[in-house]
Amino acid sequence: MTRFAFIIHPLSAKDVARKYPLAQFLPERLVEALIRMKKPLILSKITGITSPTGATTEGWFIACPLTPRQMLTLPIEEVYEKITACAVLAAKQGAQIIGLGAFTAVVGDGGITVAKRSPIAVTSGNSYTVATAIEGTLQACELLGMDLSKSTLAVVGATGSIGKTCAKVLGKRFGRTIVIGRDLERTQAVAAEISGAVASTTIDLIHEADAIVTVTSADSEVILPEHLKPGAVVCDVARPRDVSVRVSRERPDVLVIEGGVVQVPGDVQFNFRFGFPDGMAYACMSETMMLALEERAESYTLGKDVSVEQVEEMLALAKKHGFKLAGFRSFEKAVDQAAIDRAKSARAGLAVVPVAATL
Ligand SMILES: NC(=O)c1ccc[n+]([C@@H]2O[C@H](COP(=O)([O-])OP(=O)(O)OC[C@H]3O[C@@H](n4cnc5c(N)ncnc54)[C@H](OP(=O)(O)O)[C@@H]3O)[C@@H](O)[C@H]2O)c1
């Protein structure tokens, strides 16, 4: 059996309190200073992943004690060292491949340096993340009865590893595409590869979009209630989230779904709560599991470019091993029919009753 490990990290200093309850009483900067001194640790053993082919795998969650803010601001060598230490710990447990979760895949060169220094294979998981973001967005648009050829897509964070490929693949399906990044020249380079796409560095332009994929590596929210068109679909792939929690309260007409939530085959036991119901995982975790099930202890998605071929290969592996998109989730809850109906009504130009008033 090929075994895997997956690196997770606190999304904020508050998250640290899940493991160390005392942390909730300490100032954020002090919590960050304390975890900076800590070594990576094993959080749990993951068991029970069974493919319909009969293949099985198991693995470990490894905690990388750094927040996104620390990973973005500390000297990159210190961050690489800590991520590599996670891989060394995983190898000692018996893992042959390690997946880079959230910001451990974002920082620096997106896993290339870590893979060179790691004793085991490394993947960022971004290929399957792209695949599920595309699948989820298309399914949500279909549920709302959206005619894609007459609709506008916006991709926020379109110069990034996940955003770029989402924009290229999804851009072919929509009538119009707006790609949004921070650097105009690099954003224009992405737009140039999509027929009829426009590039922008202002978030306000998403007000024209019927469907939005948002996948920045910002450490705070970038999409606010006032940015969104009535009845829009927003697929938020970013962790931490790009979409403000205010959208869930103030825009009942908008359908926000979390990108990259996957149902894992078999009786998987994560033995660690990361905010999903039993049996569900992030797409990046699932990519690592699928490579292990395939006995492919080889580095897979690395760097800042995800190829369409890699996305297609991950889709094929998902089909083979029984990984599939989980039902839609929004702000840590399952999306119900009422939320879909509200967005549909808004698209039809009908008034939408605020969520609080319907309770
Ligand atoms: N749901 C899942 O399963 C899953 C899996 C993997 C990753 N993720 C999440 O996906 C996100 C992106 O990952 P990635 O690998 O594509 O990252 P990436 O390659 O670093 O790209 C990030 C994108 O966000 C932009 N950006 C960075 N900071 C920003 C800010 N403050 N405001 C606006 N835009 C900003 C970047 O612009 P520049 O090009 O100008 O830097 C780039 O376009 C992260 O939040 C990560 O945690 C989720």
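The values are calculated or read from the model by the stated rules, or taken from the named source; none is laboratory data. Remember, predicted model here, so these are calculated numbers, not experimental data. Methodologically, a virtual Cβ is constructed for each residue, glycine included, from the backbone with ideal geometry; neighbour enumeration extends over all protein chains shown.
Results for (1) over 25 Å from E309 (Cβ atoms); (2) more than 9 Å from the ligand (Cβ to nearest atom); (3) of a type in the set (K, R), shown as yes or no for each residue.
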{"position": "E142", "(1), (2), (3)": "yes, yes, no"}
{"position": "T159", "(1), (2), (3)": "no, no, no"}
{"position": "A167", "(1), (2), (3)": "no, yes, no"}
{"position": "R176", "(1), (2), (3)": "yes, yes, yes"}
{"position": "D183", "(1), (2), (3)": "yes, no, no"}
{"position": "L205", "(1), (2), (3)": "yes, yes, no"}
{"position": "E208", "(1), (2), (3)": "yes, yes, no"}
{"position": "V213", "(1), (2), (3)": "no, yes, no"}
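Between G279, G303, G349, the distinction of being in contact with a Gly (Cβ under 7 Å, 6 or more places away or on another chain) and on the phi > 0 side of the Ramachandran plot belongs to G303 only.
Scan the stretch 204-219 and tell me whether some residue there is of a type outside the set (D, E), in contact with a Gly (Cβ under 9 Å, 6 or more places away or on another chain) and free of Cβ contacts under 8 Å to residues at least 24 places away in the same chain. No; the residues of the stretch 204-219 include none that is of a type outside the set (D, E), in contact with a Gly (Cβ under 9 Å, 6 or more places away or on another chain) and free of Cβ contacts under 8 Å to residues at least 24 places away in the same chain. Of the residues T113, T104, T84, T123, only one is within 16 Å of the ligand (Cβ to nearest atom) and farther than 22 Å from P240 by Cβ; which? Only one candidate passes the filter, namely T113. Within the stretch 7-23, residues that are closer than 28 Å to G111 by Cβ have Cβ atoms under 7 Å from residues that are surrounded by fewer than 16 Cβ atoms within 10 Å (Cβ to Cβ) and modelled with pLDDT of 90 or more in these pairs: A13/E28, counting only partners at least 6 apart in sequence or on another chain.
In a residue-by-residue description of the stretch 302-311, the property of being in contact with a Pro (Cβ under 8 Å, 6 or more places away or on another chain), at pLDDT 95 or above and either more than 10 Å from the ligand (Cβ to nearest atom) or over 16 Å from T132 (Cβ atoms) (or both) applies to no position.
For (1) without any contact (Cβ under 8 Å) to a residue 12 or more places away in the chain; (2) in a strand (DSSP E or B); (3) over 18 Å from A343 (Cβ atoms), each residue gets a yes or a no:
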residue	(1), (2), (3)
E135	no, no, yes
Q139	no, no, no
A158	no, no, yes
A167	no, no, yes
T177	no, yes, yes
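I'm trying to understand the selection: among the residues of the stretch 215-228, which are under 23 Å from the mean Cα position of the chain (by Cα) and more than 11 Å from the ligand (Cβ to nearest atom)? Within the stretch 215-228, L224, P225, H227, L228 qualify.
Considering only the stretch 49-77, state which residues are surrounded by fewer than 16 Cβ atoms within 10 Å (Cβ to Cβ), touching a residue at least 60 places away in the same chain (Cβ under 8 Å) and of a type outside the set (S, T, Y). Residue satisfying the conditions is P52 alone. Residues in the stretch 256-268 that are at pLDDT 95 or above and at positive phi: G266 alone. Restricting attention to the stretch 269-301, the residues that are modelled with pLDDT of 95 or more and away from the ligand (no atom under 16 Å from the Cβ) add up to 9.
Can you confirm whether A232 is of a type in the set (A, V, I, L, M, F, W, C), more than 16 Å from the ligand (Cβ to nearest atom) and out of contact with any Pro (no Cβ under 6 Å at 6 or more places or on another chain)? The answer is yes for A232. Checked across the stretch 320-343, the condition of being of a type in the set (V, I, T) and not assigned by TED's automatic domain parsing to the domain that holds D210 holds for no residue.
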